[in-house]
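The values are calculated or read from the model by the stated rules, or taken from the named source; none is laboratory data. Only a predicted model underlies this, so the values are computations on that prediction, with no experimental measurement involved. Here the Cβ positions follow ideal geometry from the backbone for every residue, glycine too, while neighbour counts run over all protein chains shown. Side chains are part of the model used for accessible areas, which takes the heavy atoms of the whole protein and leaves out ligands, DNA and RNA. Shrake-Rupley method; radii C 1.70, N 1.55, O 1.52, S 1.80 Å.
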Amino acid sequence: MSERPAHEIVIASTEAEIQQCYKIRIDVFTHEQGFPIETELDHLDPIATHFLLRLTPSLTPVGVIRGSKSSESGYYKLSRLAVLKDYRQFKFGRELVEALHKWVQADAREADAGQGIGSVKVVCHSQIPVKGFYAKFGYISEGDEFDEDGDPHQKMVLKLPLE
Ligand SMILES: CC(C)(COP(=O)(O)OP(=O)(O)OC[C@H]1O[C@@H](n2cnc3c(N)ncnc32)[C@H](O)[C@@H]1OP(=O)(O)O)[C@@H](O)C(=O)NCCC(=O)NCCS
């Protein structure tokens with residue numbers, strides 16, 4: 001494996017950065033994996049926090065993940081994790097998940113306001129070949145496989161500690 005490129009993870013805060021996030025998703029999910037373009041951008045995009053992993057100093061975008069909070073049930077959702085093919089196996093996927101978890105913890109602690117809830121639930125819908133990736137972070141399968149956008153997925157749930 002070649003040397004791990006220098007990089008940073010930022011929360012996309014400008015329209016240009018959000019568009020860079022969408023472009024990575026379309027490259028990976030639509031062009032590489034064949035998911036429909038029509039459902040790639042969805043109702044969560046306007047309310048989600050988008051994390052962008054980019055190389056430094058060039059600021060070339062190479063990875064993305066999205067976090068959102070379900071207002072009714074109080075749990076968080078991890079979705080649209082993607083690293084461009086040429087940049088896999090550099091632990092960029094791991095770093096993106098860890099950045100998302102830190103954001104969830106900070107947000108949940110703030111909402112908790114000293115009530116001491118101890119942990120918070122994070123849910124993802126895993127493609128079947130990457131269940132083992134999520135399992136490395138402690139995500140556990142819940143329920144049966146189901147179809148999402150024409151492909152089988154597995155709901156996986158993590159109890160993320162707040163301490
Ligand atoms: C899934 C994905 C984001 C992983 O990114 P990555 O940067 O290649 O992964 P990392 O290098 O951070 O891997 C972290 C760990 O997970 C492991 N891992 C990576 N892909 C895995 C897989 N498909 N199944 C099981 N383990 C996997 C790595 O070996 C590594 O293990 P280690 O920390 O014990 O050494 C990337 O393969 C990708 O973008 N795939 C296409 C899009 C996709 O399927 N997204 C998920 C949608 S649910």
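Taking the Cα centre as origin and putting +1 on Lys and Arg beta-carbons and -1 on Asp and Glu beta-carbons, what dipole magnitude results for the chain, to the nearest 20 debye? Let's see the in-between values first.
Details: 19 positive and 25 negative charges, 128 e Å.
Here the chain has a charge dipole of around 620 debye.
Would you mind checking the pairs K77/K102; K69/K91; K91/K136; K69/K131 and listing those with alpha carbons more than 20 angstrom apart? Walk me through the intermediate numbers first.
Numbers: K77/K102 13 Å; K69/K91 25 Å; K91/K136 12 Å; K69/K131 22 Å.
Exceeds cut-off: K69/K91; K69/K131.
Of the candidates A111, A82, A48, which one comes out as most mobile in a Gaussian network treatment of the chain with C-alpha springs shorter than 10 Å?
Checking each option, the largest mean-square fluctuation is seen for A111.
Report in % the part of the accessible area of the chain that belongs to carbon and sulfur, leaving out ligands and nucleic acids; probe 1.4 Å.
Numbers: 4720 of 8930 Å².
Solvent-exposed carbon and sulfur of the chain make up 53 percent of the total.
Take the alpha carbon atoms of the stretch 7-161, find their radius of gyration, then divide it by 2.2 N^0.38 Å using N residues; give the quotient.
On the way: Rg = 15.3 Å, N = 155, 2.2 N^0.38 = 15.0 Å.
So the stretch 7-161 has a normalised radius of gyration of 1.02.
Based on alpha-carbon centroids, what's the gap between the stretch 134-163 and the stretch 6-62 in Å, whole number please?
Between the Cα centres of the stretch 134-163 and the stretch 6-62 lies a distance of 21 Å.
For Cα pairs less than 8 Å apart in space and 6+ apart in sequence, what is the mean separation divided by the residue count of the stretch 7-161, i.e. the relative contact order in percent? Could you put the intermediate results ahead of the total?
Numbers: 242 pairs, mean separation 29.1, N = 155.
Taking the mean separation of contacting Cα pairs over the length of the stretch 7-161, I get 19 percent.
Could you state the accessible area per residue of the chain in Å², with a 1.4 Å probe and every protein chain left in place? Spell out each step's value before the answer.
Working: 8930 Å² over 163 residues.
On a per-residue basis, 55 Å².
K69: accessible area at probe 1.4 Å, nearest 10 Å²?
Accessible area of K69: about 90 Å².
For a quick size check, give me the Cα extents of the stretch 1-66 along its three principal axes, largest first, whole Å.
Result for the stretch 1-66: principal-axis Cα extents of 36, 27, 15 Å.
For the chain, set up a GNM with springs between Cα atoms under 10 Å and report which of K131, K91, K23 has the largest fluctuation.
Judging by the Gaussian network model, the answer is K91.
For the stretch 66-79, just list the computed ³J(HN,Hα) in residue order, Karplus coefficients 6.51, -1.76 and 1.60, θ = phi - 60°, integers in Hz, with x standing in for Gly and Pro.
Rounded to whole hertz, the list is 10, x, 8, 10, 7, 5, 5, 9, x, 8, 10, 10, 9, 8.
T56: accessible area at probe 1.4 Å, nearest 10 Å²?
Rounded to the nearest 10, the figure is 50 Å².
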